[in-house]
1. Please determine, by comparing only the residues of the stretch 186-241 that are touching a strand residue (DSSP E or B) at 6+ places or on another chain (Cβ under 9 Å) and charged (D, E, K, R), which one is farthest from residue 255 (Cα to Cα).
2. Residues of the stretch 30-41 being among the charged types (D, E, K, R) and either crowded, with 17+ Cβ neighbours inside 10 Å or within 10 Å of the chain's Cα centre (by Cα) (or both), which ones?
3. Pull up the stretch 96-142, narrow it to residues that are of a type in the set (S, T, N, Q) and part of a loop (DSSP other than H, G, I, E, B), then point me to the one that is farthest from residue 192 (Cα to Cα).
4. Could you list, ordered by first residue, the pairs with Cβ atoms under 8 Å in which the first is in the stretch 203-224 and assigned to a loop (DSSP other than H, G, I, E, B) and the second is charged (D, E, K, R) and modelled with pLDDT of 95 or more, at least 6 apart or interchain?
5. Is it the case that residue 246 is touching a residue at least 40 places away in the same chain (Cβ under 8 Å) and among the hydrophobic types (A, V, I, L, M, F, W, C)?
6. Out of curiosity, is residue 192 outside any loop (DSSP other than H, G, I, E, B) and under 16 Å from the mean Cα position of the chain (by Cα)?
7. Take the residues in the stretch 195-221 that are more than 18 Å from the chain's Cα centre (by Cα) and small (Gly, Ala, Ser), then tell me which one is farthest from residue 104 (Cα to Cα).
8. Can you tell me which residue within the stretch 63-89, out of those that are over 20 Å from residue 24 (Cβ atoms), touching a residue at least 12 places away in the same chain (Cβ under 8 Å) and in a loop (DSSP other than H, G, I, E, B), is farthest from the chain's Cα centre (by Cα)?
Amino acid sequence: MKAVILAGGLGTRISEETSIRPKPMVEIGDMPIIWHIMKIYERFDITDFVVLCGYKGHILKDFFASYAMRRSSIEVDMQQGTVNLLSPNREKWNVKLIDTGESTMTGGRIKRAAEYIGDETFLLTYGDGVCNVDMTSLIATHKNDNALVTLTAVQPPGRFGALVLGDAQTRVSEFQEKPEGDGAWINGGYFVVEPKALEYIDGDSTSWEKEPLVNIAKAGKLSAYKHRGFWQPMDTLRDKNYLESLWVQDKAPWKTWQ
């Protein structure tokens, strides 16, 4: 099963980082967040990736093209002009990096890559969010529901502390630092998709999250897998710093691989 990763957006809300590189290349620890996402999939033996490039896509290509050399000791034969890897540090991945246009919307990017996705069920996610979702259960839910698309539904934590005020309205009777939010479920990405879902995408200007998912839901073919574990997007610099702090403390819940 292939995993398709949307990696072509501008990332304007984290422009401090994305002015010089695409958002999926912003680093958590010493590796870009797209690497973390791919390791999440690898944990479930999903190692065939289609990366949908757009903004500064050449940086993504350079990263993967030189990955083995940068992660290994090397021997350079200056006379023969050859380079040998002495201690290859290679992932078990096959990665296709597809140019899908600078300004193409998310749905259009998926549609443009149809020939590389093929005619089998595939996984889809954004290149800027990590979680510890159980892919096996997610895929099983999709199959059991006979859905066209299954999304991972999450409940984001509240961003601010919550106060519960007493009757006098001046005494605080309860304080919660970052409560669980208002109980609403939102789209957390990490989809399972049937190829026929691409028929709901008109073209480059189509956002996957708008007409396609709206119409698939109207047709009764959209399912949701409720994930109550960790989920965190990297929308802002604050989000990036939070993920970084979890990683350096060795408390990253999304690190489920060895």
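1. 221
2. If the condition is that a residue be among the charged types (D, E, K, R) and either crowded, with 17+ Cβ neighbours inside 10 Å or within 10 Å of the chain's Cα centre (by Cα) (or both), then 39 is the only one that fits.
3. It comes out as 103.
4. As it stands, the answer is 203/111; 204/111; 204/112; 206/111, since those pairs meet every condition given.
5. Considered against the rule, which asks whether it is touching a residue at least 40 places away in the same chain (Cβ under 8 Å) and among the hydrophobic types (A, V, I, L, M, F, W, C), residue 246 comes out as no.
6. In short, yes.
7. Taking the candidates together, the pick is 220.
8. 86
The values are calculated or read from the model by the stated rules, or taken from the named source; none is laboratory data. Please read all numbers here as calculations on a predicted model, not as lab measurements. Heads up, the Cβs are rebuilt from the backbone with ideal geometry, glycines too, and the neighbour counts pull from every protein chain shown.
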